[in-house]
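A short worksheet on the structure shown next.
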Amino acid sequence: MGKQGQIKVTKEDLLQWIENYRWMVETIEEARQPVAKADNNSYIGAKTAMYGIEATLPKASGGTSDPVYTEVQRRVYSLNYRIKEYEQKIAEVQKRISLVHGDREIEVLHRLLDGDSMRAIGKHMKLSSTTIFRVRSKILSQMMLK
């Protein structure tokens with residue numbers, strides 16, 4: 001990180017972020033789902049069995065010795081800082097999408113952002129993998145012209 005939260009972006013960074021875009025977005029969406037706890041220390045969404053064999057089993061407690069609760073905390077804390085990083089990377093890619101010109105380039109970029117493989121994109125667009133790699137390289141060059 002440079003001055004005022006500016007990120008020094010290389011072509012390699014950009015390529016990595018484009019390839020990881022889909023799952024970074026999904027991870028952020030997932031993290032934004034609330035992990036709410038009810039007053040009785042149980043997780044909201046966890047149902048208490050009233051009948052059958054489950055009703056006779058011990059109920060989960062939400063104390064600090066509860067391994068599930070500890071795991072939830074670990075995820076929340078480790079996610080928080082990763083999420084901020086993902087958000088910066090995604091924003092950096094999004095800021096540069098408008099710099100991409102050409103129908104092929106735009107189509108390939110959006111398919112890459114959707115998580116499609118180079119092979120799948122080539123097959124869909126009836127283009128050789130060499131051409132797709134060339135188009136991707138052109139996209140990266142256009143996105144670096146900031």
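The values are calculated or read from the model by the stated rules, or taken from the named source; none is laboratory data. This one's a predicted model, so the numbers in the text were calculated from it and none came from an experiment. Cβ: placed from backbone, ideal geometry, glycine included. Neighbour counts: every protein chain shown. All accessible areas refer to the heavy atoms of the entire protein, side chains included, with ligands and DNA or RNA removed. Shrake-Rupley method; radii C 1.70, N 1.55, O 1.52, S 1.80 Å.
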### Message
I want to confirm something. Restricting to segment 84-116 and keeping residues that are in a loop (DSSP other than H, G, I, E, B) and either in contact with a Cys (Cβ under 7 Å, 6 or more places away or on another chain) or open to solvent by 40 Å² or more (accessible area, probe 1.4 Å) (or both), which single residue is farthest from Glu26 (Cα to Cα)?
### Response
His101
### Task
Among residues belonging to segment 1-34 that are polar (S, T, N, Q) and open to solvent by less than 100 Å² (accessible area, probe 1.4 Å), point out the one that is modelled with the lowest pLDDT.
Thr27
## Note on the structure
Residues of segment 128-137 being free of Cβ contacts under 8 Å to residues at least 24 places away in the same chain and either touching a strand residue (DSSP E or B) at 6+ places or on another chain (Cβ under 7 Å) or open to solvent by less than 40 Å² (accessible area, probe 1.4 Å) (or both), in sequence order, are Thr131
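Which is at pLDDT below 75 and of a type outside the set (S, T, N, Q), of Tyr77, Tyr43? Please lay out each step first, then the result.
Details: Tyr77 fails: at pLDDT below 75.
From the options Tyr77, Tyr43, the qualifying one is Tyr43.
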### Summary
Pairs returned, first residue in segment 15-29 that is farther than 11 Å from Gln88 by Cα, second residue that is part of a helix (DSSP H, G or I) and hydroxyl-bearing (Ser, Thr, Tyr), beta-carbon separation under 7 angstrom, 6 or more apart or interchain, are Thr27/Tyr86; Ile28/Tyr86
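In the list Lys37, Lys59, Lys123, which residue meets the criterion of being modelled with pLDDT of 80 or more and either under 23 Å from the mean Cα position of the chain (by Cα) or surrounded by 10 or more Cβ atoms within 10 Å (Cβ to Cβ) (or both)? Steps first, answer last, please.
Details: Lys37 fails: modelled with pLDDT of 80 or more; Lys59 fails: modelled with pLDDT of 80 or more.
Exactly one residue qualifies, and that residue is Lys123.
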